[in-house]
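Trainee: Sharing a structure here in structure tokens format.
The values are calculated or read from the model by the stated rules, or taken from the named source; none is laboratory data. Everything numeric in this text was worked out from a predicted model, so none of it was measured. In this analysis, Cβ positions are derived from the backbone assuming ideal geometry, glycine residues included, and neighbour counts consider all displayed protein chains. Calculation scope for accessible area: heavy atoms of the full protein, side chains included, ligands and nucleic acids excluded. Shrake-Rupley method; radii C 1.70, N 1.55, O 1.52, S 1.80 Å.
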Amino acid sequence: MKIVFLDALTLGDTPLTPIDALGELVCYPTSSPEEARARVGDCEVLIVNKVRVDRALLAAAPSLRLVCEAATGVNNIDLEACSERGIPVRNVAGYSTEPVVQQTFMHILSLMGNAPYFDGVVKSGSYSRGPVFTDLSRPVRELDGRTIGIIGMGTIGQRVAAVARAFGMNVIYYSTSGTSHCTDYPSVSLEELLKKSDVISIHAPLNGRTRGLIGAAELARMKRDAIIVNMGRGGIVDEKALAVAIDKAAIGGAATDVFETEPVPENHPLLHTRHPELLRFTPHTAWASVEARGRLVARIADHIREFISAS
């Protein structure tokens, strides 16, 4: 069985041994649409992360029997076209919950504690030259007693809520689907969440209900010292509006792991604000702990193994 991975670079140096053991594995670091079509001619199992699986690609793969998404979201795959061909699509859910939660609080704690600034104070020698034993030139704010508003109370949102409670935070949430299925915490309107929250943490998918959910009007409703963290998808937050809010120091800060265009363009307004100290970025790495990538590969191998057994 020939297995083709069209964008294996997205998993870095993660060993693919569990998949390789199931057939002839051919990996390409990246694939343009044209390259992808040329590479799937005799492919039986296709693995993709961000490469689009559309009708043109499917037409170029007459032997294709299974598509494996090396992620949770399948918005890059034409599910209708696959269904018409009788090709099952398998994704992997739940493998990255813990690293996303961990990185969420990495950003929150960094913003609330001004971590990069104080690190620089010591490394630059400023602290050594100072007249007293401490540096109080930037505030360090506590999480205890503050309110976190979670947008999207799915599996990740609920884990963020549990960790927030361990820090002594009050938890409220807004259901982007309109179904407030989680009864452990108060479900509120978006307007109320924006008004009451000291920390806003986004863990929602990008769809018709969430695209542009947080724009200029919503940012204006936030507390002036509140921070917002987007660990969901680029496009949920209007990035130009966020850059304006940061320029004006109209909010306390923001962090994002995801961008509407990835990699983020060098001329992006968020990279050229007047107050970079109010921003924290990671390059879409919240999902990608070493352990999570290992779980992802193992589950893809499981999907292929189950497919072979059922064939």
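Trainee: Just need a number here: residues in region 30-58 that are small (Gly, Ala, Ser) and either without any contact (Cβ under 8 Å) to a residue 12 or more places away in the chain or within 14 Å of ILE300 (Cα to Cα) (or both).
Mentor: So in region 30-58, the residues small (Gly, Ala, Ser) come out as 31-32, 36, 38, 41, 56.
Now narrow it down to the ones that are either without any contact (Cβ under 8 Å) to a residue 12 or more places away in the chain or within 14 Å of ILE300 (Cα to Cα) (or both): 32.
Result for region 30-58: 1.
Trainee: Looking at GLY215, GLY168, which one is over 23 Å from VAL258 (Cα atoms) and touching an Asp or Glu at 6+ places or on another chain (Cβ under 6 Å)? Lay out the reasoning, then the answer.
Mentor: Numbers: GLY215 fails: over 23 Å from VAL258 (Cα atoms).
None of the other options fit; the residue is GLY168.
Trainee: Considering only residues that are in a helix (DSSP H, G or I) and open to solvent by 40 Å² or more (accessible area, probe 1.4 Å), look in region 135-166 and name the one that is nearest to VAL188 (Cα to Cα). Lay out the reasoning, then the answer.
Mentor: Taking region 135-166 and keeping what is in a helix (DSSP H, G or I), we get 155-166.
Adding the requirement that they be open to solvent by 40 Å² or more (accessible area, probe 1.4 Å) leaves 155-156, 158-159, 162, 165-166.
Details: THR155: 18, ILE156: 18, GLN158: 15, ARG159: 18, ALA162: 18, ARG165: 18, ALA166: 21 Å.
So the residue we want is GLN158.
Results for (1) open to solvent by less than 40 Å² (accessible area, probe 1.4 Å); (2) assigned to a helix (DSSP H, G or I); (3) at pLDDT below 95, shown as yes or no for each residue.
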| site | (1), (2), (3) |
| --- | --- |
| CYS68 | yes, no, no |
| THR72 | no, no, yes |
| ALA81 | yes, yes, no |
| TYR95 | yes, no, no |
| GLU98 | no, yes, no |
| GLN103 | yes, yes, no |
| MET106 | no, yes, no |
| VAL122 | no, yes, no |
| PHE133 | no, no, no |
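Trainee: Give the residue, chosen from ALA164, ALA220, that is closer than 29 Å to PRO265 by Cβ and over 16 Å from the mean Cα position of the chain (by Cα). Explain how you work it out, then say what you get.
Mentor: On the way: ALA164 fails: closer than 29 Å to PRO265 by Cβ.
Just a single option satisfies the conditions, and that option is ALA220.
Trainee: Please name all residue pairs, on different chains or six or more residues apart, with Cβ atoms under 6 Å, provided the first residue is in region 267-278 and is closer than 18 Å to SER110 by Cα and the second residue is surrounded by 13 or more Cβ atoms within 10 Å (Cβ to Cβ) and of a type in the set (Val, Ile, Thr).
Mentor: HIS275/ILE246; LEU278/ILE246
Trainee: Would you list the strands (runs of 3 or more DSSP E) that sit entirely within region 172-281 and hold 2 or more residues that are surrounded by fewer than 23 Cβ atoms within 10 Å (Cβ to Cβ)?
Mentor: Working: elements: 199-202, 227-230, 253-256, 279-281.
Of the strands (runs of 3 or more DSSP E) lying wholly inside region 172-281, those with at least 2 residues that are surrounded by fewer than 23 Cβ atoms within 10 Å (Cβ to Cβ) span 279-281.
Trainee: Further, regarding this structure: Name, by its number, the condition in (1) among the small types (Gly, Ala, Ser); (2) farther than 11 Å from LEU279 by Cα; (3) modelled with pLDDT of 95 or more that does not hold for ALA243.
Mentor: (2)
Trainee: Follow-up question, since we're still on this one. Can you work out which of the residues in region 1-46 that are hydroxyl-bearing (Ser, Thr, Tyr) and not in a loop (DSSP other than H, G, I, E, B) is farthest from the chain's Cα centre (by Cα)? So that I can check it myself, show each step before the final result.
Mentor: Our first condition is that a residue be hydroxyl-bearing (Ser, Thr, Tyr); within region 1-46, this holds for 10, 14, 17, 28, 30-32.
In the following step, the residues that additionally are not in a loop (DSSP other than H, G, I, E, B) were identified as 10, 17.
Values: THR10: 14, THR17: 26 Å.
My answer is THR17.
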